[in-house]
Amino acid sequence: MMKSKADEEDYWNSSKFKAFTFDDEDDEFSRLKESKQAVNSIRRLVEEDDDEDDVEKVSWSGEPVGSKTSLFKTNPDDLSVRLYAPELRKPKSEYKDYVSDWSPEETIQRMQQGKAFSLEKFRSLQDKLLLLDFAVSAHDGNVITAVLIYLKRTLGKEVLFRELESRQTALRHLIQYLTETRDQRLLLELLRSLCRTGPCTTGREHLSITDENKRRDFLKSCLSLPFSPEDSAHVQDHFTLLERQIIIEATDRQAERGGKVEIFQKFPRRASILNMPLVTTLYYCCFYHYTEPEGTYSSSLNIRQTFKISEKQYFVTALAARAKLKAWSDVDALFTSRNWLGFTRKKSPLSFQRVVDILQKNSAPTQVLQDYVALVDDAELRISLAQKHKCHDIVINTYRDLKDRQLLLGYRGKVERGSAEERKIDELLNNPRRRWK
Amino acid sequence: MFITVFKEHEVEKMFTLKSGRLPSADVKNIIFFVRPRLELMDIIAENVFSEDKLHSSRDFHILFVPRRSMLCEQRLKEQGVLGSFINIDEYILDLIPYDGDLLSMEYESAFRECYLENDQTSLYHTAKGLMTLQALYGTIPQIYGKGECARHVANMMLRMKREFAGSQNQILPVFDTLLLLDRNVDLLTPLATQLTYEGLIDEIYGINNGYVKLPPEKFAQKKQGEASKDLPTEAKKLQLNSAEELYAEIRDKNFNAVGAALSKKAKIISAAFEERHNAKTVGEIKQFVSQLPHMQAARSSLANHTSIAELIKDITTSEAFFDNLTVEQEFMTGVDTDKVNTYIEDSIAQKDPLIKILRLVCMQSVCNNGLKQKVFDYYKREILQTYGYEHMLTLNNLEKAGLLKPQTSSRNNYPTIRKTLKLWMEDANEQNPNDISYVYSGYAPLSIRLTQVLARPGWRSIEEVLKMLPGPHFEERQQLPSGLHKKRQQGENRTTLVFFLGGVSYAEIAALRFLSQMEDSGMEYIIATTKLINGTTWIKSLMDRPESQTP
């Protein structure tokens, strides 16, 4: 790409070139000269590099550059220029067994720069905490985690947890680390100790716990934490829901296995109800436990009351569930409400258009659809829905009410020949006493 | 580029990291070149274990890009393979060029780290990347910025420069100005559905590393007379960049203008192929044949983009898309942002994808400077009840990031900002745009407006508005060695590098390109960012445990 011609020749014709491997010990530097030239190399600036004069410096465009105007200075700490290739040779101070007497602050700096370091020599609690605080102020997540790993290994749990209470950033990092490494036991202990002594961070961590019983227990212990009132209510609901689901799951799984409960045989459960959202759980109960009295855990009405589900939400869910089961009389019952005179009217918190939509998605027969299309207020909408779902009677009646002969005549072609609907249209059209627009 | 380098160093083969056994190759050394992600460590462990049985004493090495990670090394230790590595190092790759005018760090978690976790590691890398850039392209004399993170990056840059005191960068500066912008100065733009061709491809299919994977049915080669029974099952992978002439032409257009552009191109290509009838002499025929490869490439390019445009059109003409866009535009123009929105309500009830819901409620919150407490509580409850209580984490994250929050006592400044900066242009011309608002068919991205105003007439004219936006705004100057000050020729453009801290969308990039090629702008823009994003990937990065969320 950016080699000059001369370099290329050197590269191919030189016998000194050998494959570069990471294994090579000292003195690889001179052997690598050719390959570096060929790559239009950029020198790695090493701290005790005496060989810099031997390597031809080249600029970005491939032209050799005199040392005065070189792009790259000889400042060993110029890390911004450590750009294009991994280190080819490390200075002594970067080998792992080279240990010097660095303070906590210097150690953190070395860690940030990727240089060798040793945490082992910091034995006192004070030193360890200094390490942690310097790491946090360096804003380097990697370094913070490294220090925490060391502290986790060399500090007693109680001490560590106590110190972390006042160090929110470090605490977050530790929680993330324990979550990623799936150290459930220690994570639980940490969270419990935090809950005992004060606020955790917004109770998010409970989701790191995978076993549902342990999670439920943990949620319970979180309930006394100072959440905002709304969040508190959500955590409470979460706990109650999980508790409920554990009970329902156990009972239903047994019933299904027993083979005697009809609905489980007809509609086998596709998944466990554990950890499902509230609305999904409600749907499940409307599906499998609709007729149960309000006192049971799995009664849909009980769910509605316990979690204060809105009428609209309950309605939509129950409708979908009963429609799926093709229980049309149940669907009908949802809408029926008696007013004080004893008359029944169809009431719905949903638009009837939505209702028709849901019913149609569950393959409701035309007679059923018809009843609800008829309840759509807006005439135009009603007609288009009726036409879409082939509810002929509604179309006919609507056109009749609109006194529109043209439209009625036009619709005749859309109904089946010889059908009752055709006869009805003919009757209307031929009736001499009818007045039309 | 790397492949040439590798070959010169006698790299035998390159493979993509996959779980299971390592593919066979006659080599002694195996180098893993990976990003520091925990899942990859498990795959590497698998690879290493599978080796022991077959080959003796192969040497393993790891290069983390761009940095090592304690967590990853710890994972390797737990897997029992850490000791198998002879070398563990890092390969610092900060800014990756995606196109002639676009650089990205592809640092996915930058926004989350900065605004949720108070972790400024990404800003440190940004500063480092900018120092590298200056080493190659010259010190940038003027630095402007808006936002807390911008301030941090600028401070770090100035400090790093001071640490190299005594040396002067003699390169003639390519950039006149650097503009650092925090993503949270403009939270609205990434939430809106992009309407440029490239933006829509990204929204619907996702562009990764300059590639897009598309459903293969449309791209099946139908030979003459053959039944298309053997349809390919693997997704069609296409590379998207400005090297493809047609793509460069249409990528930044509003999608509604793409059809016309494709027809026009089709006519040109047809005409070119028709030329063969006019080629009579041997010389003319020879010339025609020599141009054939170029024409065939152009035709194939046209076929691909026609197919893609058809796929996109199916979506943009759907009722769902239209309804969604309508609500977005209502919010952007300030209509009914203080009430529960019925479309959102219905969408939750129908259990539409969670991300769609989140984008809409966040947009409403941003356009209202926070939702009324009742509205906020209502949305929150509906979401938790319908999608699960575990999403409380995500909702808290969104609140912390400022995307979905209850109203505080401060007033809503958004209408003022909108009017002053002319963010809503009623009659945006999609076919022949005269303003950046064409990228969202009416909405001018706030971030780009700020960039535009900075160039002319300058930020002093919008002092008041700038104060309403989060974070400080500032200007810094860096000394250039004498003799390097550019003498500007008549009509020569200035170059500004705009760096988005926290992500940038393709629509915003299109808007900047539009500004660059405007007649009287006098300014050219190069774009850099921590990550290329769209509303979906952005919100996803703020979700906790994304693998368990509904997509």
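Coordinate-derived values only; no laboratory data. Predicted model only: the values in this text are computed from it and were never measured. With ideal geometry, Cβ positions are generated from the backbone for all residues, glycine too; neighbour counts draw on all protein chains shown.
The figures follow:
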quantity: Principal axis dimensions, segment B:93-184 - Cα atoms, whole angstrom, descending; calculated: 40, 30, 23
quantity: Chain B: calculated mean residue ellipticity at 222 nm from DSSP helix runs of at least 4, using -39500 (n - 2.57); calculated: -13500 deg cm²/dmol
quantity: Links that overshoot a 25 Å alpha carbon limit, given the list B:K380/B:K467; A:K214/B:K77; B:K218/B:K264; A:K361/B:K356; calculated: B:K380/B:K467; A:K214/B:K77
quantity: Shape category assigned to segment A:279-372 from the gyration tensor of Cα positions, a/c cut at 1.5; calculated: oblate
quantity: Gyration tensor (alpha-carbon) shape descriptor, chain B, a/c threshold 1.5; calculated: rounded
quantity: More than 26 Å apart - percent of Cα-Cα pairs taken over segment B:418-551; calculated: 35 percent
quantity: Debye intensity ratio I(q)/I(0), log10, segment B:5-149, q values 0.08, 0.12, 0.16 Å⁻¹ (C-alpha model); calculated: -0.31, -0.64, -0.98
quantity: Residue pairs, from the table B:K265/B:K286; A:K308/A:K347; A:K347/B:K313; B:K28/B:K237; B:K161/B:K531, whose Cα atoms sit over 29 Å apart; calculated: A:K347/B:K313; B:K28/B:K237
quantity: Sites B:K218 and B:K400 - FRET efficiency at Förster radius 30 Å, r taken between beta-carbons, to 0.05; calculated: 0.10
quantity: Estimated FRET transfer efficiency when R0 is 60 angstrom, pair B:T420-A:K214 (beta carbons, to 0.05); calculated: 0.65
quantity: From phi via Karplus (6.51, -1.76, 1.60), per-residue ³J(HN,Hα) for segment A:420-437 in Hz, x at Gly/Pro; calculated: 4, 5, 4, 4, 4, 4, 4, 4, 5, 5, 8, 5, x, 7, 6, 9, 10, 4
quantity: Other-chain or far-sequence residues with amide H under 5 Å of B:F33's (modelled H); calculated: B:L63
quantity: Exposure proxy order (Cβ contacts within 10 Å, fewest to most) of A:L429, B:L95, B:L512; calculated: A:L429, B:L95, B:L512
quantity: Distant-in-sequence amide H partners of B:G145 (H built 1.01 Å from N, under 5 Å); calculated: B:L180, B:F474
quantity: Bridge type composition, chain B - antiparallel percent by DSSP, nearest 5; calculated: 30 percent
quantity: Cα-Cα separations in segment B:381-445 greater than 14 Å, expressed as whole percent; calculated: 70 percent
quantity: Distance (nanometres) between label positions extended 7 Å along Cα→Cβ at B:Q350 and A:T181; calculated: 4.8 nm
quantity: Residue exposure sequence - B:T386, B:T416 - by fewest surrounding Cβ within 10 Å; calculated: B:T416, B:T386
quantity: Value of relative contact order over segment B:232-345, rounded to a whole percent, pairs C-alpha under 8 Å and six or more apart; calculated: 23 percent
quantity: Per-residue average of Cβ from other chains inside 10 Å of B:378-387; calculated: 5
quantity: Using a Förster distance of 41 Å, the FRET efficiency for B:E39-B:A248 (Cβ separation, nearest 0.05); calculated: 0.70
quantity: q = 0.24, 0.30, 0.32 Å⁻¹, segment B:502-548: log10 I(q)/I(0) [Debye, one scatterer per Cα]; calculated: -0.85, -1.06, -1.12
quantity: Dipole of chain B, positive end: most advanced residue of B:S347, B:T337, B:Y115 [Cβ charges, Cα centre]; calculated: B:Y115
quantity: Average beta-carbon neighbours from other chains, 10 Å sphere, peptide B:22-31; calculated: 1
quantity: Net dipole in debye of segment B:233-353 [+1 Lys, Arg Cβ; -1 Asp, Glu Cβ; about Cα centre; nearest 20]; calculated: 1080 debye
quantity: Computed label-point distance, nm, for sites B:A272 and A:W436 using a 7 Å Cα→Cβ extension; calculated: 6.2 nm
quantity: B:T495 long-range amide H proximity, modeled H, under 5 Å; calculated: B:D176, B:T177, B:E524
quantity: Axial C-alpha extent at least 18 Å, average Kyte-Doolittle at least 1.0 - helices from chain B (DSSP); calculated: B:354-367
quantity: √(5λ) per eigenvalue of the Cα gyration tensor, segment A:224-301, largest first, Å; calculated: 28, 12, 10
quantity: Shape call, segment A:105-172: gyration tensor on alpha carbons, a/c limit 1.5; calculated: oblate
quantity: Relative exposure of B:R411, B:R418, B:R460, judged by other C-beta atoms within 10 Å (fewest first); calculated: B:R460, B:R411, B:R418
